[in-house]
Amino acid sequence: MGIVGVLSVLSGLAGGHLVAGLVDRDSSPLLAVGNAVRDATPYSVTKVVIGLVGTYDKLLLFGGVLLVLTAVGVGAGLLARRRPWPGILAALLLGGIGLVVVLTRPGVGAAGVVAPLVTTLVGAGTFALLWRLATRARRSGGEASPVSSRRRFLLTSVGVGVGAGLLGAGGEMLARRAGVEASRAAIGPIIPTVPAPPIPPGADFVEAGTPPFLTPLGEFYRVDTALTVPRLRAEDWRLRVHGMVDRELRLTYDDIRSRALVERTVTLTCVSNEVGGPYVSTANFTGVPLRELLLEAGVRPGADQLFSISVDRWTAGTPMDVVLEADRGAMLAIGMNGRPLPLERGFPARLVVPGLYGFVSATKWVVDLEVTTFAERRSYWLQRGWGRVAPIKTQSRIDAPRPLTTVPAGRVTLAGVSWAQPVGIRRVEVRVDGGPWMEAELSTEVSGQTWRMWRLTLPLEPGPRLAEVRATDQTGMTQPEERVAPIPDGATGWHSIQFTVA
Ligand SMILES: Nc1nc2c(c(=O)[nH]1)N[C@H]1C(S)=C(S)[C@@H](COP(=O)(O)O)O[C@H]1N2
Ligand SMILES: [Mo]
């Protein structure tokens with residue numbers, strides 16, 4: 001009977017997922033429970049898990065939820081050996097929990113009841129059917145045709161299993177059919193009215209081992225809490241600008257696209273980046289200045305926070321004075337490297353604010369901008385112990401040699417990146433084995449809002465070596481040596497690597 005329970009759980013979830021694909025993707029009980037578990041997980045746990053499994057965290061989350069639910073299915077099945085009602089009851093109970101979870105998910109409307117109801121009915125129905133067949137197969141043990149009733153049970157079970165797989169896959173395809181890809185493809189290139197200056201020669205030291213100045217899309221770091229990438233068509237996208245404003249704005253994709261678009265080369269940085277870490281990347285973003293939109297709406301006195309909300313209800317709180325700074329270049333971006341934003345970058349639109357960590361500024365899939373105060377509204381990561389004020393901290397990283405590698409003796413080139421948005425880098429220094437600091441050569445500066453590469457070629461004797469790097473920004477501030485963890489407002493400390501000269 002355990003298998004009957006498992007199949008009932010799976011077919012119920014699959015049925016709900018299919019219907020959710022038709023009605024509202026977020027109402028899939030499986031997705032909703034996964035999202036709820038994720039949101040309820042304390043950050044300390046999430047951090048350890050992500051450290052262990054990296055980007056497989058979402059797979060783990062889903063797998064975990066499925067495993068728990070099927071275990072409940074097995075339990076219910078075993079309880080229902082003699083009578084079917086413990087199984088039916090379990091299906092109703094699980095379905096009820098699913099319903100509550102779905103309806104309490106933000107952004108799920110009344111139509112959200114349909115998918116969990118289908119899950120409940122399919123789950124209970126499957127259980128009733130399979131239970132009858134299984135019981136018949138068992139009871140007919142001594143009768144004339146035990147084989148046929150057993151075979152009937154097995155065939156039906158296999159059918160239900162395969163059917164559940166097909167339903168689930170169908171739901172997944174329907175959810176995607178929504179045509180976001182088609183919507184994005186129909187947009188064509190995003191051509192700025194005011195293009196960013198071309199990247200000058202000598203802006204990177206790729207041949208010395210730095211990343212290329214503009215990060216290839218596949219290598220651009222990605223950080224978000226989205227279990228599945230939100231799929232919002234440009235045609236359906238609306239941006240509401242409201243709160244402490246004189247006039248509310250409601251903007252469509254075409255409204256934005258038909259405005260004068262500016263392009264900026266910006267280096268995005270994540271607050272959770274460890275010293276020497278990879279969460280820093282650069283792209284050309286195209287969009288409209290946020291300042292322009294906000295001045296049109298008319299910001300009322302006293303408003304100190306721009307509270308942005310994504311379609312999946314993630315939120316960020318950005319200081320209003322930074323957003324309104326004339327030469328900061330905070331933008332509502334619709335393009336990245338000349339193309340519409342890729343789906344996982346926030347298609348159709350996201351925010352980009354040079355000089356602030358992403359968690360307080362870079363809302364992807366943004367649909368709502370509320371002009372408010374920090375006293376009034378607390379954003380997603382602020383509620384979870386991260387900082388409220390989060391300017392990017394000056395940092396530098398050694399990319400070459402790779403840590404723990406061996407390089408030939410003689411002249412050794414060290415190279416890497418440094419960043420201090422929005423002011424820019426003045427100086428990068430390197431030292432080997434605790435010796436004197438030596439000034440590295442800097443790449444051609446693109447702007448203070450982007451990273452800057454460095455390199456230094458040194459004669460090095462054979463043996464184990466320790467190299468350290470530190471940057472000084474355009475305000476004259478040199479990176480402190482003290483190691484501070486990323487939480488709450490960004491890591492500090494000098495990056496160091498060990499390597500061998502032989
Ligand atoms: N909707 C949404 N936007 C988001 C996030 C998120 O979790 N959800 N994460 C933010 C964080 S922490 C960072 S560092 C940047 C990363 O942008 P990227 O994934 O394009 O590199 O997106 C920001 N925007
Ligand atoms: Mo981040």
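Every number in this text was worked out from the coordinates using simple rules, so none of it is lab data. Predicted model, so just to flag it, every value in this text is computed and none were measured. FYI the Cβ positions are ideal-geometry reconstructions off the backbone, even for glycines, and counts take in every protein chain you see.
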Which angle from 0 to 90°, rounded to the nearest 10, does the C-alpha axis of helix 85-104 make with the longest principal axis of the chain? 30 degrees
Considering only the other residues whose Cβ falls under 10 Å of the Cβ of Asp321, what net charge follows from Lys and Arg at +1 and Asp and Glu at -1? -1
To the nearest 20 debye, what charge dipole does the chain have about its Cα centre, counting +1 at the Cβ of each Lys and Arg and -1 at the Cβ of each Asp and Glu? 2520 debye
Once you have the alpha carbon radius of gyration of the range 274-340, what is it after dividing by 2.2 N^0.38 Å, with N set to its residue count? 1.31
Rank-order 124-135, 218-229 by packing density, defined as the average count of other C-beta atoms within 10 Å over each peptide's residues, highest first. 124-135, 218-229
For the range 1-141, just run the numbers: alpha carbon Rg, then divide by 2.2 N^0.38 Å, N being how many residues it has. 1.14
Part-to-part distance (alpha-carbon centres) for the range 336-413 and the range 84-103, which is given in Å: 41 Å
How long are the semi-axes of the equivalent ellipsoid of the chain, taking √(5λ) for every eigenvalue λ of the Cα gyration tensor, in whole Å from largest down? 51, 30, 19
Proportion of all alpha-carbon pairs of the range 329-457 beyond 20 Å (%): 60 percent
Once Rh is set to the Kirkwood radius over Cα pairs, what Stokes-Einstein translational diffusion coefficient, in µm²/s, holds for the range 418-501 at a temperature of 25 °C and a viscosity of 0.890 mPa s? 177 µm²/s
Using only the alpha carbon atoms of the range 1-75, find the Kirkwood hydrodynamic radius as the inverse mean reciprocal pair distance, in angstroms to one decimal. 13.4 Å
Relative frequency of Cα-Cα separations exceeding 26 Å in the range 177-333, percent: 37 percent
